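Below is one structure, written out as structure tokens; comments come after it.
The values are calculated or read from the model by the stated rules, or taken from the named source; none is laboratory data. All values derive from a computational prediction rather than experimental measurement. Here the Cβ positions follow ideal geometry from the backbone for every residue, glycine too, while neighbour counts run over all protein chains shown. SASA here: full protein model, heavy atoms, side chains in, ligands and nucleic acids out. Shrake-Rupley method; radii C 1.70, N 1.55, O 1.52, S 1.80 Å.
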Amino acid sequence: MKSETQYLTYTPWQGQLNNTRMCFETALVLAYLSRRCLVMPREYRRHHEPEVEAGRFRPLHPEECFELETLDGIVHVLARDEYDRCVAGAREPDQVDLVLEPGTAVFCFPKIPTPGSPEAGRLRDFAAARQRFLEFTPEMEACRTLNVKSATLEHFYSFFFLSQPQVDLECKRLVRDHVRFRTAIIGAAGRIAGSLGNYCALHVRRNDFFGLYPEQNIPAHCLLSNVRKRVPAGARLYIATDETDPSYFADLRNYYEVYFINHFKSLLPGSLPAGSLACIEQMICALATLFVGTRLSTFSAYITRLRGYYGAPDKNSYFTDGSPGSEMDDRGSPPFSWMNWVRSGNPLWGREFKEAWEFQPEARGH
């Protein structure tokens, strides 16, 4: 191990906040495990900066919506400009690149288990058909900068295979307690949730989502049929959506007391940075009695994890298209809840799993 400060740099996911957050969480945990300073990419933008610059999309800086200041003393986070100053004057780059193809690899810590050992069998279950196993090599440990060259789209808790239970606990606490929405976001969501009282929530992702998943263009009558299987008639129903045509929800209004974010403008902060409104809606959904989300939407997926963090009465994954979610998790009692989901042909990132929050008895307070 070298005596000078070591760094972890990474390529951000070129997408909206939830995909960007997933990429950041993976980099954060890798920096924590390797005891490196985490360098924030220069590709990130602040809320007052344009989304597209010189024809290239710039993802929103996670710090705009998350209170990363609490990481001080745990993982040192620094801007790219500061990193450039720190390594300026080096005679030659001392960098090792790590290339990760999303959904294909598992990173093992402290090392890949010995073949044939019980821990190797546990890793096979954990991997759920992923074939590439990674560990810190001597070159990775010795280099001044470890660079995650390819953007990742992974749930940190299903990507890092941590043989030591205490380290697994530390990493899950790290993300739960230190990658959390800013106080203004949580406060606004709490005010709206309080005004709603007892309510259920729904996330309906439409529009550009159809280009990726045409099957998610669900007719209104099918949406109603699937929602009625979960949400009792007459309930208050908060809907987070990008649908711009109010008539799409006309059938739901015949059965539910329907609310949207526009009903609560007076409870929102006067000035909202880009992305904050979406985070407020995620928190509103997280605080509901029951939640139904859009399958394969990382926006919906993170709501499920938040519901786990905050101790929601029903933490299961339900989908607007009627597909099975958490119902398959314990089928055959697999060692890891995502095994049946992956075996059914679903991408691992397409929803969240109970391992994210079921790691200790206490839940995060509201």
Pairs only if they're at least six apart or on different chains, beta carbon under 7 angstrom, first in segment 135-160 and over 29 Å from Ala301 (Cβ atoms), second among the aromatic types (Phe, Trp, Tyr); list them, first residue then second. Arg144/Tyr7; Thr145/Tyr7
Going through segment 255-312 in order, the residues found to be outside any loop (DSSP other than H, G, I, E, B), without any contact (Cβ under 8 Å) to a residue 24 or more places away in the chain and farther than 27 Å from Pro50 by Cα are Glu257, Val258, His263, Ser266, Arg307
Could you tell me which residue of segment 135-152 is farthest from Tyr83 (Cα to Cα), considering only residues that are of a type outside the set (Val, Ile, Thr) and open to solvent by less than 10 Å² (accessible area, probe 1.4 Å)? Cys143
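Open to solvent by less than 50 Å² (accessible area, probe 1.4 Å), touching a residue at least 60 places away in the same chain (Cβ under 8 Å) and not in a loop (DSSP other than H, G, I, E, B): is that true of Ala27 in this structure?
Details: open to solvent by less than 50 Å² (accessible area, probe 1.4 Å): yes; touching a residue at least 60 places away in the same chain (Cβ under 8 Å): yes; not in a loop (DSSP other than H, G, I, E, B): yes.
Spelling it out, Ala27 is indeed open to solvent by less than 50 Å² (accessible area, probe 1.4 Å), touching a residue at least 60 places away in the same chain (Cβ under 8 Å) and not in a loop (DSSP other than H, G, I, E, B).
The rows are residues; the columns are (1) among the small types (Gly, Ala, Ser); (2) more than 24 Å from the chain's Cα centre (by Cα).
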{"position": "Leu224", "(1), (2)": "no, yes"}
{"position": "Arg228", "(1), (2)": "no, yes"}
{"position": "Tyr255", "(1), (2)": "no, yes"}
{"position": "Gly270", "(1), (2)": "yes, yes"}
{"position": "Cys279", "(1), (2)": "no, no"}
{"position": "Ala301", "(1), (2)": "yes, no"}
{"position": "Tyr309", "(1), (2)": "no, no"}
{"position": "Phe319", "(1), (2)": "no, no"}
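For residues that are among the small types (Gly, Ala, Ser) and under 29 Å from Ala189 (Cα atoms), tally how many sit in segment 20-71.
If we filter segment 20-71 for residues that are among the small types (Gly, Ala, Ser), which is where we start, we get 27, 31, 34, 54-55.
Okay, now just the ones that are also under 29 Å from Ala189 (Cα atoms), so 27.
So the answer is 1.
Out of segment 184-236, which residues are in a helix (DSSP H, G or I), polar (S, T, N, Q) and modelled with pLDDT of 95 or more?
First pass over segment 184-236, keeping only residues in a helix (DSSP H, G or I): 184-196, 209-212, 214-216, 220-228.
From what is left, the residues that are polar (S, T, N, Q) are 195, 216, 225-226.
Result: Ser195, Ser225, Asn226.
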